[in-house]
Amino acid sequence: MAPDWVRSAKRLCVLTGAGISAESGIPTFRGPGGLWREYRAEDLATPEAFARDPKLVWEWYDWRRGLVAQAEPNAGHHALAQLESVVPEFTLITQNVDGLHRRAGNRKMLELHGNLWRTRCTRCGKEVDDTRVPLPEIPPTCECGALLRPAIVWFGEPLPPDVWHNAEEAARTADVLLVVGTSAVVYPAASLAPLAKASGARVIEINTGATPLSDLVDCSLRGAAGEVLPRLLQ
Ligand code: BJW
Ligand code: ZN
């Protein structure tokens, strides 16, 4: 069923969340060992928290950058890179900021929540790629002298409008949507599955547990992304 749908898809859209990187050793946000458990999200991932204590927020990001730098894409990431090369129209929409999809080889990719490896100046707005681990100065500053922030979408901030527009378009026109490793509680990303479904796509969920989407989807595959995704391609 699901493997046939994926193999015969002409317009395949994939939405990923932190679960796909779990098997690479990157903690998810809301599960056991999730980042939210060890650090209060509201202390770290909001513009208010950054204004209050930029050093604390940057220390958290510096730690996460170190973790990701030592991680490798897993079998789930590789399966999605392979899918991109065989499906006529493919779009990967990710909520992840870790860059592991790119390292696995995906290029037709929309990063909804930004990227861990890019900084943005809080004054001049200039964005710069920076892959240094650890950062030599915390908090880092721009050449204009102002504070840099991670180029990441925090709670209460809008998603990049062009990226979001393209994501909605991909979900609306897909014949199959794969939803992989997301708790589907963060909006607007979580609205993409109902949008695809209402537009006629078959929706397949791959997750180790149930989510608010599980009752809506056409097929729920319970298991680890690194095991289930490669099987879809066999
Ligand atoms: C496995 C597995 C394995 C484990 N294999 N599976 C409508 C209703 C209600 C609230 C809102 C709404 N619209 C907006 C909001 C507010 C807010 C929101 O959604 N809040 C909810 C939490 C209630 N949204 C926003 O603020 C967004 N902005 C916005 O809407 O702006 C509007 C605006 C317009 C104009 C002007 C101003 C504003 C922005 C959201 C940004 C989210 N950012 C974060 C943090 C970034 C910081 C960082 O990364 O450093 O992004 S939140 C965090 O959650 C992160 C993730 O991308 C995101 C999603 O989490 P994800 O990926 O689903 O991970 P988990 O951990 O939750 O789930 C993992 C799943 O994997 C689980 O299901 C496991 O079972 C599974 N799993 N191992 C397969 N091996
Ligand atoms: Zn600047």
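Considering only residues that are closer than 15 Å to ILE26 by Cα and in contact with a Leu (Cβ under 9 Å, 6 or more places away or on another chain), which ones fall in the stretch 67-93? Quick ask: steps written out before the conclusion?
So in the stretch 67-93, the residues closer than 15 Å to ILE26 by Cα come out as 67-77.
Once the filter is applied, which keeps residues that are closer than 15 Å to ILE26 by Cα and in contact with a Leu (Cβ under 9 Å, 6 or more places away or on another chain), the stretch 67-93 yields VAL68, ALA71, GLU72, PRO73, ASN74, ALA75, GLY76, HIS77.
Given the criterion among the β-branched types (Val, Ile, Thr), over 19 Å from ALA171 (Cα atoms) and assigned to a loop (DSSP other than H, G, I, E, B), identify the matching residue among VAL97, VAL68.
Numbers: VAL68 fails: assigned to a loop (DSSP other than H, G, I, E, B).
None of the other options fit; the residue is VAL97.
Among the numbered conditions (1) within 19 Å of LEU80 (Cα to Cα); (2) open to solvent by 10 Å² or more (accessible area, probe 1.4 Å), tell me where LEU216 comes up short.
The single condition LEU216 does not satisfy is (1).
Go over the candidates ARG120, ARG64, ARG103 one by one and state the one that is of a type in the set (Lys, Arg) and away from ligand 1 (no atom under 16 Å from the Cβ).
On the way: ARG120 fails: away from ligand 1 (no atom under 16 Å from the Cβ); ARG64 fails: away from ligand 1 (no atom under 16 Å from the Cβ).
Of ARG120, ARG64, ARG103, the one residue that is of a type in the set (Lys, Arg) and away from ligand 1 (no atom under 16 Å from the Cβ) is ARG103.
Considering only the stretch 23-58, state which residues are modelled with pLDDT of 70 or more, buried (at least 17 other Cβ atoms within 10 Å of the Cβ) and not in a loop (DSSP other than H, G, I, E, B).
Across the stretch 23-58, the qualifying residues are LEU44, ALA49, PHE50, PRO54, VAL57, TRP58.
Does any residue of the stretch 82-94 turn out to be open to solvent by less than 30 Å² (accessible area, probe 1.4 Å) and either in a helix (DSSP H, G or I) or without any contact (Cβ under 8 Å) to a residue 40 or more places away in the chain (or both)?
Pass one, the stretch 82-94, residues open to solvent by less than 30 Å² (accessible area, probe 1.4 Å): 83-84, 87, 90, 92-94.
Filter once more, keeping what is either in a helix (DSSP H, G or I) or without any contact (Cβ under 8 Å) to a residue 40 or more places away in the chain (or both): 83-84.
Taking every residue of the stretch 82-94 in turn, at least one turns out to be open to solvent by less than 30 Å² (accessible area, probe 1.4 Å) and either in a helix (DSSP H, G or I) or without any contact (Cβ under 8 Å) to a residue 40 or more places away in the chain (or both).
Please pick out the residue among PRO194, PRO158, PRO134 that is out of contact with any Ser or Thr (no Cβ under 6 Å at 6 or more places or on another chain), closer than 23 Å to ALA18 by Cβ, within 11 Å of ligand 1 (Cβ to nearest atom) and of a type outside the set (Ser, Thr, Tyr).
Numbers: PRO194 fails: within 11 Å of ligand 1 (Cβ to nearest atom); PRO134 fails: within 11 Å of ligand 1 (Cβ to nearest atom).
Result: PRO158 is the single residue among PRO194, PRO158, PRO134 that is out of contact with any Ser or Thr (no Cβ under 6 Å at 6 or more places or on another chain), closer than 23 Å to ALA18 by Cβ, within 11 Å of ligand 1 (Cβ to nearest atom) and of a type outside the set (Ser, Thr, Tyr).
Exactly one condition in (1) open to solvent by 20 Å² or more (accessible area, probe 1.4 Å); (2) modelled with pLDDT of 95 or more; (3) under 15 Å from the mean Cα position of the chain (by Cα) is false for PHE155; which is it?
(2)
The values are calculated or read from the model by the stated rules, or taken from the named source; none is laboratory data. Since the model is a prediction, treat every value here as computed from it, not as a measurement. FYI the Cβ positions are ideal-geometry reconstructions off the backbone, even for glycines, and counts take in every protein chain you see. Please note that ligands, DNA and RNA were not included when accessible areas were found on the heavy atoms of the full protein model with its side chains. Shrake-Rupley method; radii C 1.70, N 1.55, O 1.52, S 1.80 Å.
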